[in-house]
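**Student:** Below: one structure in structure tokens.
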Amino acid sequence: MLLNRKGNKHRRPSKAVRVATLAGVAGAAVAVPLMGATNASAASVATWDAVAQCESGGNWSINTGNGYYGGLQFSQSSWAAAGGTQYAPRADLATKAQQIATAEKLLDLQGPGAWSCAGAGNLTNDGVDPGVDTGSGAAKQEASKQEAAPKKAERTEAPATNRSDRSDAPKAAKKTVTTPTGKKVAKGDGEYKVVSGDTLSKIAAEHHVKGGWERLFKLNKDIVQDADLIYPGQQLHLTK
């Protein structure tokens with residue numbers, strides 16, 4: 001995890017930075033050749049992979065909400081200081097190559113001590129150019145959005161149906177009602193629609209069905225299976 005001291009974004013300046021600062025006393029003309037003569041810090045991709053394995057389990061897109069992002073666990077201030085925002089707003093939104101390129105700059109600024117896992121990765125200024133291809137910042141941000149977005153399900157063609165099948169479907173759906181337990185029962189097409197609290201006896205009495213509930217039961221035996229069980233939404237015949 002990248003180390004930051006309160007009030008100091010970088011752990012320590014590189015040798016190149018220190019020399020250039022001292023040379024600045026004599027004038028800018030002296031500082032330029034001194035910086036040019038100093039080799040920038042660099043490490044191989046394999047070394048950065050080892051550091052990332054220790055820092056984040058090798059997950060280059062990790063964001064756990066702890067204030068550190070990406071495979072090399074950049075803090076936001078370190079990511080910005082090393083120029084990572086040219087690729088993406090945060091390290092976890094950048095590619096592995098872009099994170100490594102930014103880490104190279106941070107290594108030059110702070111040295112291996114910027115990472116608590118430097119020892120696990122054997123991170124040193126070994127001078128090996130990782131040779132990563134960072135691509136363009138704009139292209140990367142667009143790619144990261146695509147990677148973060150859930151993949152759309154592949155479109156599958158529904159089996160063809162003829163027009164008569166489609167027109168019959170709504171009718172079929174209306175021929176049943178759903179009971180409180182989720183069971184579907186026949187709806188019927190009678191003139192009386194059952195409401196909550198109804199019983200065959202109550203309906204027969206209120207509508208003066210000759211023969212009472214037994215007659216009502218027989219008239220609707222195609223949809224009523226049990227005389228004690230009728231359901232709201234069913235439509236009963238009151239006469240033959």
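**Student:** Report the paramagnetic label zone for ALA186: residues of region 198-222 whose backbone N is under 15 Å from a point 7 Å from Cα along the Cα-to-Cβ axis.
**Tutor:** Residues passing the 15 Å test: 216-222.
**Student:** Follow-up. Over 21 Å between Cα atoms, which of LYS210/LYS240; LYS183/LYS210; LYS183/LYS240 qualify?
**Tutor:** Values: LYS210/LYS240 11 Å; LYS183/LYS210 31 Å; LYS183/LYS240 28 Å.
As for pairs spanning more than 21 Å Cα to Cα, those are LYS183/LYS210; LYS183/LYS240.
**Student:** Principal axes first, then extents: for the Cα atoms of region 33-122, list largest minus smallest coordinate on each axis, whole Å, largest first.
**Tutor:** So the three principal-axis extents are 43, 28, 19 Å.
**Student:** Something else about it: Heavy-atom accessible area of TRP115 with all protein chains present, probe 1.4 Å, nearest 10 Å²?
**Tutor:** 10 Å²
The values are calculated or read from the model by the stated rules, or taken from the named source; none is laboratory data. Not measured: the values here are computed from a predicted model. A quick note on method: Cβ atoms are made from the backbone with ideal geometry, for glycine too, and the neighbour counts reach across all protein chains shown. With ligands, DNA and RNA removed, areas are computed over all heavy atoms of the protein, side chains included. Shrake-Rupley method; radii C 1.70, N 1.55, O 1.52, S 1.80 Å.
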